[in-house]
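This report refers to the structure that appears directly beneath it.
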Amino acid sequence: MPALAEFQEKFKSYTNVLFLNIAFEDHDFDKWKRYIATLKLRSVQLYAEGRFESDAAKAYALEFCPIFMIINRDGTIYSTREQPPEPGTRTEANLRKALAGH
């Protein structure tokens, strides 16, 4: 996940960007929480019990992971099936377009 941390670092000055990671795992919650703490990511970390039967998975029709999406502030999906968020990828270009209002 170092690439994700680097990607988030590029957008740290944007107050209108929130990175949200949702774990759809069957792992032990406490173990997951300790692991996430070691990553020091600049994002909100959520844990969805029930994997793909969770409310979060159902709300966005998620059937597999990882999946990367850009969602605007009112919850509308800007783009789906993005590449993993790494500097210089299509995801970075699409996020910049979304921020510009295109």
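The values are calculated or read from the model by the stated rules, or taken from the named source; none is laboratory data. Small disclaimer: the values here were computed from a predicted structure and weren't measured. Neighbour counts are summed over all protein chains in view; Cβ atoms, including those assigned to glycine, are modelled from backbone coordinates with ideal geometry. With ligands, DNA and RNA removed, areas are computed over all heavy atoms of the protein, side chains included. Shrake-Rupley method; radii C 1.70, N 1.55, O 1.52, S 1.80 Å.
Pull up the cross-link candidates among the lysines for K31, meaning alpha carbon to alpha carbon under 26 Å and not fewer than 8 places away within one chain.
Partners within reach: K40, K58.
Placing +1 at every Lys and Arg Cβ and -1 at every Asp and Glu Cβ, with all other atoms neutral, what dipole size does the stretch 20-66 have around its Cα centre, in debye to the nearest 20?
In debye, rounded to 20, the stretch 20-66 gives about 360.
Might you report the magnitude of the Cβ-based charge dipole of the chain about its Cα centre, with Lys and Arg at +1 and Asp and Glu at -1, to the nearest 20 debye? Walk me through the numbers on the way to the answer.
Details: 14 positive and 14 negative charges, 95 e Å.
It comes to approximately 460 debye.
With a ≥ b ≥ c taken as the square roots of the eigenvalues of the C-alpha gyration tensor of the stretch 45-102, please select rounded if a/c is under 1.5 and otherwise prolate if a/b is larger than b/c or oblate if it is not?
Working: a/c = 2.62, a/b = 1.71, b/c = 1.53.
Taking the square roots of the gyration eigenvalues as a ≥ b ≥ c, the stretch 45-102 is prolate.
Leaving out ligands, DNA and RNA, what percent of the accessible area of the chain is carbon and sulfur, probe 1.4 Å?
Details: 3780 of 7130 Å².
So the carbon and sulfur contribution to the accessible surface is 53 percent.
Place +1 on the Cβ of every Lys and Arg and -1 on the Cβ of every Asp and Glu in the chain, take the dipole about the Cα centre, and give the residue among I77, I22, A93 whose Cα lies farthest towards its positive end.
A93
Can you give the Kirkwood hydrodynamic radius of the chain from its Cα pairs, in Å with one decimal?
Details: mean 1/r = 0.0685 Å⁻¹.
One decimal place: 14.6 Å for the Kirkwood radius.
Pulled fully out, how much extra length does the chain show between K40 and L20, if you take 0.36 nm times their separation in residues and subtract their Cα-Cα distance? Don't skip to the end; give the middle numbers.
Details: separation 20, 0.36 × 20 = 7.20 nm, distance 1.35 nm.
Using 0.36 nm per residue and subtracting the Cα-Cα distance, I get 5.8 nm.
Could you calculate the contour length gain from N72 to F52, that is, 0.36 nm times the residue separation minus the distance between their Cα atoms, to one decimal place in nm?
Value of the extension gain: 5.0 nm.
Please give the per residue accessible area of the stretch 20-102, computed with a probe of 1.4 Å over protein heavy atoms only, in Å².
On the way: 5840 Å² over 83 residues.
Value for the stretch 20-102: 70 Å² per residue.
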